[in-house]
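Report on one structure; see the data block that follows.
The values are calculated or read from the model by the stated rules, or taken from the named source; none is laboratory data. The model shown is predicted, which means the values in this text are computed figures rather than measured ones. When we count neighbours, we look across all protein chains shown, and the Cβ atoms used for this are built from the backbone with ideal geometry, even at glycine. SASA here: full protein model, heavy atoms, side chains in, ligands and nucleic acids out. Shrake-Rupley method; radii C 1.70, N 1.55, O 1.52, S 1.80 Å.
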Amino acid sequence: MKPESASALFAGPFALATLSEPDGPRFPALVTADARVLDLRVPFADPRLTVRGLLEVWDSAAPRLAGLAADDGRERRPLADFRVHAPVEPRQVFQSGANYRQHVIDLHVAHRAPGDDRPEEERRAEAAEIMDRRAAEDLPYVFIGLPSAITGPYDDVVLPAWAAKPDWELELTAVIGRPAHRVPAEEALEYVAGYTIANDLTDRATVFRRDMPQIGTDWLRSKNAPGFTPLGPWIVPAASVAHTGDLRLVLKLNGETMQDESTKDMIFDVARMVSYASQSARLLPGDLVLTGSPAGNGMHWGRLLRDGDVMDGSVTGLGAQRTRCIAEDAS
């Protein structure tokens, strides 16, 4: 699938993308706000250049990219001539759960334990208390995803035959631009090169292990099928995203709005999420830090993904992605 329109692509003068011509190799591209494309292998004189390679030298690459975007003398081609892929191939993917207050409360109510017959109001109050305690104790919930689950922003996604309850989770995603280890929250954004969009698809039926509940969550099975992380379309430099604390995330299913929330509802902001992940792991250029999804997932609506569904997801200033779901042939 392709984007419906090239207008209002993203905030700022340029973004990074990974593109290809039909049946051609992928290449790193500078995309300008007027939907024109510059193949970055040419000005950087490197036929093997990738977006991740640019992120590995982001401190020097960023001002050079800004200069290329402002240079009207360079020949550029229309974006419509190319296929858009996931903007970067990360080495590590850090996913976040339970980071939007209303979303967590809704999930707490939807995943009622067997035998819990308390009124909904009581269970919502319990969830709110848990969120307040987590915020006070500064303990985000971060786990590991697989790069192999990533697909392009307009690619079809196959719903595995075993996935009984596939769901959507639109997320603001930070892209790392400098190695980061044990960085304080006050400095964490200095390590973020830019932002993109991820849809962290999840099979709700396999989140919890039924064979041994004591094990807890099974994120490998529930979140990491091929294509379960549509990513992109672009990486918008952090300098063009004025304030990540009030971005609007909107996901529509077959044209009907399902998620529509501001990042103001986050329990932990981007800086705290990046800092927290860096306390245990060493974040590398090109790595992704997904920051959680707001209220309005399929479990809330009682409507999970099925064959033929089309999801349109957007985040303020970062563009939009469109994903069609195709059921796996179980025969």
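Across region 26-54, what is the total count of residues that are closer than 20 Å to P230 by Cα and not polar (S, T, N, Q)?
Going through region 26-54, the residues closer than 20 Å to P230 by Cα turn out to be 26-29, 31, 50-52.
Add one more test, that the residue is not polar (S, T, N, Q), and what stays is 26-29, 31, 51-52.
Here the count works out to 7.
Determine whether L231 is surrounded by 24 or more Cβ atoms within 10 Å (Cβ to Cβ), out of contact with any Cys (no Cβ under 9 Å at 6 or more places or on another chain) and either of a type in the set (A, V, I, L, M) or closer than 22 Å to L9 by Cα (or both). Don't jump to the end; show me each part of the working.
Numbers: surrounded by 24 or more Cβ atoms within 10 Å (Cβ to Cβ): yes; out of contact with any Cys (no Cβ under 9 Å at 6 or more places or on another chain): yes; either of a type in the set (A, V, I, L, M) or closer than 22 Å to L9 by Cα (or both): yes.
Considered against the rule, which asks whether it is surrounded by 24 or more Cβ atoms within 10 Å (Cβ to Cβ), out of contact with any Cys (no Cβ under 9 Å at 6 or more places or on another chain) and either of a type in the set (A, V, I, L, M) or closer than 22 Å to L9 by Cα (or both), L231 comes out as yes.
Against the conditions (1) open to solvent by 10 Å² or more (accessible area, probe 1.4 Å); (2) more than 23 Å from D106 (Cβ to Cβ); (3) touching a residue at least 12 places away in the same chain (Cβ under 8 Å), where does V236 fall short? Just the number, please.
(1)
Within region 109-134, restricting attention to residues that are open to solvent by 40 Å² or more (accessible area, probe 1.4 Å) and of a type in the set (G, A, S), which residue is modelled with the lowest pLDDT?
It comes out as A113.
So in region 61-98, with the set limited to residues that are in a loop (DSSP other than H, G, I, E, B) and in contact with a Phe, Trp or Tyr (Cβ under 7 Å, 6 or more places away or on another chain), which one is most open to solvent (accessible area, probe 1.4 Å)?
From region 61-98, those in a loop (DSSP other than H, G, I, E, B) are 71-76, 82, 86-92, 98; that's our starting set.
Pick out the ones that are also in contact with a Phe, Trp or Tyr (Cβ under 7 Å, 6 or more places away or on another chain) and you get 87, 98.
On the way: P87: 1, A98: 35 Å².
Looking at the filtered set, the residue picked out is A98.
Kindly evaluate F44 against the criterion of being assigned to a loop (DSSP other than H, G, I, E, B), modelled with pLDDT of 90 or more and among the aromatic types (F, W, Y).
Working: assigned to a loop (DSSP other than H, G, I, E, B): yes; modelled with pLDDT of 90 or more: yes; among the aromatic types (F, W, Y): yes.
For F44, the condition - assigned to a loop (DSSP other than H, G, I, E, B), modelled with pLDDT of 90 or more and among the aromatic types (F, W, Y) - is met.
Each row is one residue, and each column tells you yes or no for (1) in contact with a Pro (Cβ under 6 Å, 6 or more places away or on another chain); (2) hydroxyl-bearing (S, T, Y); (3) in contact (Cβ under 8 Å) with a residue 40 or more places away in the chain.
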| position | (1), (2), (3) |
| --- | --- |
| A135 | no, no, yes |
| P147 | yes, no, yes |
| T151 | yes, yes, yes |
| P160 | no, no, yes |
| K165 | no, no, yes |
| L189 | no, no, yes |
| I215 | no, no, no |
| D218 | no, no, no |
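Suppose we filter region 290-331 for residues that are in contact with a His (Cβ under 9 Å, 6 or more places away or on another chain) and at negative phi; how many remain?
Result for region 290-331: 6.
Name every residue in region 231-254 that is over 22 Å from D265 (Cβ atoms), touching a Leu at 6+ places or on another chain (Cβ under 9 Å) and outside any loop (DSSP other than H, G, I, E, B), in order of residue number.
L231, I235, P237
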